[in-house]
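The values are calculated or read from the model by the stated rules, or taken from the named source; none is laboratory data. As the structure is a computational prediction, the values presented were derived from the model and not from experiment. So basically every Cβ, Gly included, is an ideal-geometry build from the backbone, and we count neighbours across all protein chains shown. Accessible surface areas use protein heavy atoms only, side chains included; no ligands, DNA or RNA. Shrake-Rupley method; radii C 1.70, N 1.55, O 1.52, S 1.80 Å.
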Amino acid sequence: MSDESATTAYDDFLEGLAEGESYFLECPPGHASLPPRYACPDCGATDLEERPLPESGTVTASTVIRVPAPAFAGEAPYVLAIAEFGSIRLTGKLLEVDPDEENIEPGTPISVTTERVGEENIIAFRLR
Ligand SMILES: [Zn+2]
């Protein structure tokens, strides 16, 4: 597997998120992982099935990023959230919230999408 094919598979995953056709991978014992994967990170199984990602997730933690990585320099401040969608955990930028006005509590329901930042698509969330 080349780096290029890994990038493409991840881009496909992000494209699916943007179109509401997101999926994750599940092995026979039921461990969940995000594409691209060719083997389960928990048990090494290679017969991974694509499963639809739940439409709604909940925030488990969030933090305000005020000094971002250089690629995100124009974005700060923003809220970075960790959220659970069923058995899958995603980290992304929470859109349409003012980090100075809103305190995002754990358990807040969100949906997942993507956002274009510079040359890249990133995982992003919206409040539901
Ligand atoms: Zn597994």
Practice task
Kindly check whether there is at least one residue in the range 49-71 that is more than 17 Å from the chain's Cα centre (by Cα) and touching a residue at least 40 places away in the same chain (Cβ under 8 Å).
Solution key: yes
Practice task
Please work out if residue 50 is touching a strand residue (DSSP E or B) at 6+ places or on another chain (Cβ under 8 Å), within 11 Å of the ligand (Cβ to nearest atom) and farther than 29 Å from residue 104 by Cα.
Solution key: no
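If I filter the range 7-15 for residues that are β-branched (Val, Ile, Thr), away from the ligand (no atom under 16 Å from the Cβ), outside any strand (DSSP E or B) and closer than 22 Å to residue 113 by Cα, do I get at least one hit? Walk me through how you get there before you give the answer.
First pass over the range 7-15, keeping only residues β-branched (Val, Ile, Thr): 7-8.
Filter once more, so that each one left must be away from the ligand (no atom under 16 Å from the Cβ): 7-8.
From what is left, the residues that are outside any strand (DSSP E or B) are 7-8.
Going one step further and asking which of them are closer than 22 Å to residue 113 by Cα, we end up with 7-8.
For the range 7-15, residues β-branched (Val, Ile, Thr), away from the ligand (no atom under 16 Å from the Cβ), outside any strand (DSSP E or B) and closer than 22 Å to residue 113 by Cα: present.
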Practice task
Only one of these is more than 20 Å from residue 13 (Cα to Cα), open to solvent by less than 50 Å² (accessible area, probe 1.4 Å) and out of contact with any strand residue (DSSP E or B) (no Cβ under 8 Å at 6 or more places or on another chain): 44, 107. Name it.
Solution key: 44
Practice task
From the list 75, 115, 84, pick out the single residue that is touching a Gly at 6+ places or on another chain (Cβ under 7 Å) and under 20 Å from residue 18 (Cα atoms).
Solution key: 84
